[in-house]
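Shown next, in C-alpha cells, is the structure this report addresses.
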Amino acid sequence: MKITLDFRPKLFQSLKSYTKEKFASDIMAGIIVGIVALPLAIAFGIASGVSPEKGLITAIIGGFMVSFLGGSAVQIGGPTGAFIIIVYGIIQNFGIEGLVIATFLAGILLVLMGILKLGTVIKFIPYPIVVGFTSGIALTIFTTQIKDLFGMTIDKIPGDFISKWVVYAQNAGTTSWWSLLTGILSIVIIVFTPKISKKIPGSLVAIIVMTVIVYLLREYAGITGIETIGDRFTINASLPQPETIPINMETINLLLPSAFTIAMLGAIESLLSATVADGVAGDKHNSNTELIAQGAANMVVPFFGGIPVTGAIARTMTNINNGGRSPLAGITHAFVLLMILLFLGPLTKHIPMACLAGVLIIVSYNMSEWRTFRSLLKNPKSDVMVLIVTFLLTVVLDLTVAIEIGLLLAMVLFMRRIMETTNIYVSKDKLDLSNESEIFHDNETLDIPKGIEIYEIDGPFFFGIANKFDECMKHFGDKPKVRIIRMRKVPFMDSTGLHNLESLCRLSAKENIQIILSGVNEKVRKALMNSKMDEKIGGENICSNIHEAIEKATLFLSK
C-alpha cells in the first residue's frame, strides 16, 4: 500500500496572498502573545521540575517550529499545563535525561501519526476521556502549587496525590503568611484585570506588580520570608548549545509508555486547539501536517533541554483575538520571547514563587472544566464510568495509566454499544418487504417456502455480532434446507466475521444445508472475494436482492 505524505505547512500557503495589512496585524498579535506567554512559560517550566529558562526555551524553539511547519494558520505552540504532571513524574522516576529521551521518542511517534494520516482519527477520542484527564490534571496541578502558595518549608514532596496532602497537613505550621498573602493578591489581580482591560493579560500584571512589591519588601522592609525564583534557580539568559541524546533499546523500552502518553496528549490537545481556532478564525487546519510539525518540534526541543511542546489553546485564542491570521504571528511570538530571555532574563529571578503558584492555580481552575464535568455526570452510565475512571486514575495514579485504561474502557464500551444497536432478525414463513429499497411496491409480503430460513443482519458483521449470529441460530429446533443471510444492511465485515461465516458454511455443508447470501454490497463482496469465500459459498449463491435469493433457494429445494 502506497502512503502519500500529507504535509502542507500553512505558512507557505498564507504567503501567497499576503498583504501589508496582514503583516502589521500579525506582528502586533505576535508581540501580545509573546508577552502573554512569558509568565506561563516560566510557570510551566518550574512546575514541571525544570528551570524557568527551560520553559522559555521550549516556547521559543517549539513555538517557532509549530508555526513554521504547522497545518494551522493561528496555532501557538509551547509548554502547557497539561504536561506538567507527566513531565514532573518522568523527572521523578527517570531524571532529566529520561525526560529528554521520552520527549524525543514522542516526537517520532507524532511524526509517524502524521505520515500515517491519523490526524482525523485522533479527533474521535471519546469526549469523557478528554474531560476526565483534563479535570484530573487540573486538580493535580492545583495540588502541586500548595507548597509555594503557602510558602511551606518542605525538603521533598511525594509524587502521589494523597501523600502530598498528608505532607502538607504535617507541615502546615511552616506556612509563610507573607507568601500566602502574595499568592492570594496575585490571584485577585489575575481575576479582576479582565474587568479593567481585556487586552492586558492578568498573569503578566500580577507578576509585574507582585515582583515590584516583594522586591521592595525584601530590600527596604527586611522581609525575607517570600521565596523568589532566584532563591531556587540560577537563570541562564542565553540559548543553550545542543547536546546529544543517549538512546538505546533499553531506554526505548523503559520510556516508550511515557513517550506514548506525551504523544497522545500532545496530539489530542493540539488538534482540539486547532479545531476550536478554526471555528473562531474561519479557517481550516490540516491535522496531519499539524501532527508532523508537533512531532518535529518535540524531536528538536530535547536537544536544548526543553520540555514537551503542544498547541496552547489560551495563547492561540489570544493570537486570534488580537488579529493574528497567519503563522507569522506565532513566529513573532517566539522572537519576542527570545529577546526577553536574552535581555530581560536576569530580572526573572525576582519573581515570587507564590505569585507563580497563583498563576498556575488560575490555570488549573480554567482547565478543570467543572461545569462540563458536572453536565457529563447526567449522561449515560457508560460515559459517566469512563469519565470517573479516567479522572480518578489521573489523580490517584498517573496520566499514562489514565489514558491507557481510559482508551481501553472506551473501546470496550463502544463495542458493547455496537453490539446492542446491531440486530439479527429471523423469518421462516413470511417476509415483510414494505418500505424496502429492493422493491417498489408498498405493503408487499413475500411467502417463504418451507425449508428456507432467512436471517437479516442489521449492522456491521464483526466479531461481536458473529458470535451473536451463532447464538441466534441455535434457538431453532428444526434444521432448514436453505439459509438465506440478508446482508443489505451490513456495511463491512472484519476477519472474525469472515471466519464465522466460513465456519457456518462448513458446518452447514456437513448437514446438507445450503447457504445463500442476499443484498451484498461492493465493500463486503470484495472482502468475501479476498478471503476466497465466494469460492466456498459459490459465486452464483451471492445474490443482489432477496427475490433472486428466494429463486435460488427454491431451485435448490426442487433438486
The answer for segment 1-73, accessible area per residue at 1.4 Å probe in Å², is 42 Å²
Find the Cα radius of gyration of the chain, compare it with 2.2 N^0.38 Å by division, and give the number to two decimals. 1.25
Diffing segment 203-208: the Karplus 3J(HN,Hα) column from phi (6.51, -1.76, 1.60, θ = phi - 60°), in whole Hz with x for Gly and Pro, holds 5, 5, 4, 4, 5, 5
Please list, in chain and number order, the residues 5+ apart from Ser51 or on another chain whose amide H is under 5 Å from its amide H, with Hs placed from the backbone. none
Descending packing, highest mean Cβ count within 10 Å first, for 158-166, 47-55, 205-213, 73-81 is 73-81, 47-55, 205-213, 158-166
Ignoring ligands, DNA and RNA, what percent of the 1.4 Å accessible area of segment 106-204 is carbon and sulfur? 73 percent
Give me the Kirkwood hydrodynamic radius of segment 185-300 in Å, from all C-alpha pairs, to one decimal place? 19.2 Å
Hypothetical label at Glu502: residues of segment 508-547 whose amide nitrogen lies under 14 Å (7 Å Cα-Cβ projection): 527-537
Fraction of antiparallel bridges per DSSP, the chain only, in percent to nearest 5: 45 percent
Which of rounded, prolate, oblate describes segment 353-417, given a ≥ b ≥ c as roots of the alpha-carbon gyration tensor eigenvalues and a/c under 1.5 marking rounded, otherwise prolate only if a/b is larger than b/c? oblate
If I model a spin label at Asp155 and Ser375 as a point 7 Å from the Cα along the Cα→Cβ vector, what separation in nanometres do I get? 4.9 nm
Angle, helix 381-396 long axis vs. longest principal axis of the chain, Cα atoms, 0 to 90°, nearest 10? 30 degrees
Round to the nearest 10 and give me the degree value, 0 to 90, for the angle of helix 327-344's Cα axis relative to the longest principal axis of the chain. 30 degrees
Cα-centred dipole magnitude for the chain, charges only on beta-carbon of K, R (+1) and D, E (-1), debye, nearest 20: 560 debye
So what does the Cα-only Debye profile of segment 92-149 read at q = 0.19 Å⁻¹, as log10 I(q)/I(0), no solvent term? -0.99
Heads up, segment 1-126 by the C-alpha gyration tensor (a ≥ b ≥ c square roots of eigenvalues; a/c under 1.5 rounded, else a/b over b/c prolate, else oblate) looks oblate
Order of 58-64, 245-251, 280-286, 132-138 by packing, highest average Cβ count within 10 Å first? 58-64, 132-138, 280-286, 245-251
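If packing is taken as the mean number of other Cβ atoms within 10 Å per residue, what is the order of 407-417, 493-503, highest first?
On the way: 407-417: 14.5, 493-503: 18.1.
Peptide ranking by packing, descending: 493-503, 407-417.
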Compute the long axis of helix 287-300 from its Cα atoms, compare it with the longest principal axis of the Cα atoms of the chain, and write down the angle in degrees, 0 to 90, nearest 10. 40 degrees
Across segment 93-229, what fraction of all alpha-carbon pairs, as a whole percent, falls in each successive 10 Å bin from zero upward? 10, 23, 29, 26, 11, 2, 0
Can you bin segment 490-559 into rounded, prolate or oblate? Criterion: square roots of the alpha carbon gyration tensor eigenvalues sorted a ≥ b ≥ c, rounded for a/c under 1.5, prolate for a/b above b/c, oblate for the rest. oblate
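If r is the Cβ-Cβ distance from Lys526 to Asp458 and R0 is 30 Å, what FRET efficiency results, to the nearest 0.05?
Values: r = 21 Å, r/R0 = 0.70.
With R0 = 30 Å, the Cβ-Cβ based efficiency is 0.90.
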Using a Förster distance of 51 Å, the FRET efficiency for Lys284-Ile162 (Cβ separation, nearest 0.05): 0.70
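At 1.4 Å probe radius, can you tell me the per residue accessible area of segment 98-176 in Å²?
40 Å²
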Along the Cα→Cβ direction, 7 angstrom out, place labels at Leu407 and Glu21. What is the inter-label distance in nm? 4.5 nm
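The values are calculated or read from the model by the stated rules, or taken from the named source; none is laboratory data. Since this is a predicted model, take the numbers as computed values, not measurements. Here Cβ is always computed from backbone atoms with ideal geometry, including for glycine, and neighbour counts include all displayed protein chains. In case anyone asks, the SASA skips ligands and DNA or RNA and just uses the protein heavy atoms, side chains included. Shrake-Rupley method; radii C 1.70, N 1.55, O 1.52, S 1.80 Å.
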